[in-house]
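To keep things clear, I will list the structure first and then write my remarks on it.
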Amino acid sequence: MTPADMALVLCGTVALYAGVRVALEPDTLRKLPFLNVLSFAITGLIALLLPHPLGIVAAAAYFVGSTLESNAIASTYAGGLDRG
Amino acid sequence: MDTVLLTTVHILVAAAVCWLNFITIDMFFKLPEKGGVVGATAIARHIEAGGGSLEGGTMMGNIVSSPDASAGTLLAACGVFIAGIPGGLLAALLVFIGNRICHDRGYAGTTGCLTATFLIYGFTLAGFSAAEFIAGMVIAILSIQGISHVYASRLLSTIWKVRWG
């Protein structure tokens, strides 16, 4: 088993665990840190499965996109922008 | 079997290195001080309502809301795994763009990515694989965001108070 294989297994396991925690957490805003862990694990999986220079762009694009979504969900839930 | 054991030890060492890198840089850039966006502050208040600590919760909210040093460390590991130091530098540029997309004016993510790139490259010279750092960073973020928000936020607050009073 190579280091990359072990990293793949670990990232996959953490992603599954984080997915279960997101589903079980009742408080919407407290789901988001678990969702953050899920994004980290999936970003790792993308880079490990796509060892090509564009794989870095794909991993970063996925991560920034999912972070922006969490940011938007949290800000909307908190009342959105203060447009006074 | 020996390679599995060696890789496991390497992943644990990598997790500790990644943890120290992102906590140090996030504390240096004062992430626990205030929420970068209203969403981060709201997450902090919910973590505090659940029994956690406000400063630690604010840092966790900031980590969720914009790519910080932890995201920088992960993407640096991905970059170094795929293309060595140039890959890590490309990742730093992408984190910088990601910060701007997420309305974050700070430099914690970019700085964390640059320090992690050279740190991880140094470890690859000592027999580590960058893939072990990807797994290590996933474990490091799991320890903060994915196990207990109450205890993680209290731990972060303690570190913050020791560092900045």
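Details
- Computed over the protein assembly as shown, the per-residue total of -39500 (n - 2.57) for DSSP H runs of n ≥ 4 gives a 222 nm mean residue ellipticity of -28000 deg cm²/dmol, rounded to 500.
- A:Val57/B:Arg163 FRET efficiency (R0 41 Å; Cβ-Cβ; nearest 0.05): 0.70
- Surface/4 of the Cα convex hull for chain A, nm²: 6.5 nm²
- Compactness of the protein assembly as shown was expressed as the Cα radius of gyration divided by 2.2 N^0.38 Å, which yields 0.94.
- Global geometry of the range B:45-165, whether rounded, prolate or oblate, following the gyration tensor of its Cα atoms and the 1.5 cut on a/c: prolate
- Legend: helices of chain B (whole DSSP H runs) are marked when their alpha-carbon atoms reach 24 angstrom or more along the helix axis and their mean Kyte-Doolittle hydropathy is at least -0.5; marked are B:2-28, B:69-101, B:108-125.
- Put a plus charge on the Cβ of each Lys and Arg, a minus charge on the Cβ of each Asp and Glu, and nothing anywhere else: the dipole of the protein assembly as shown about its Cα centre is then about 480 debye.
- Highest to lowest packing among B:13-19, A:47-53, B:137-143, scored as the average C-beta count within 10 Å: B:137-143, B:13-19, A:47-53
- Remark: mean inter-chain Cβ contacts per residue of A:41-49 equal 6, using a 10 Å Cβ-Cβ cutoff to other protein chain atoms.
- In loop segments of the range B:1-78 as defined by DSSP, the trypsin sites (Lys or Arg not before Pro) with at most 13 further C-beta atoms inside 10 Å of their C-beta are B:Lys34.
- Neighbour net charge for A:Leu48 - beta-carbon separation under 14 angstrom, K R +1, D E -1: -2
Throughout, read-outs are computed from the coordinates displayed, never taken from laboratory work. These figures come from a predicted structure and were not determined experimentally. Positions of Cβ are generated from backbone atoms using ideal geometry, with glycine treated the same way; all protein chains shown enter the neighbour counts.
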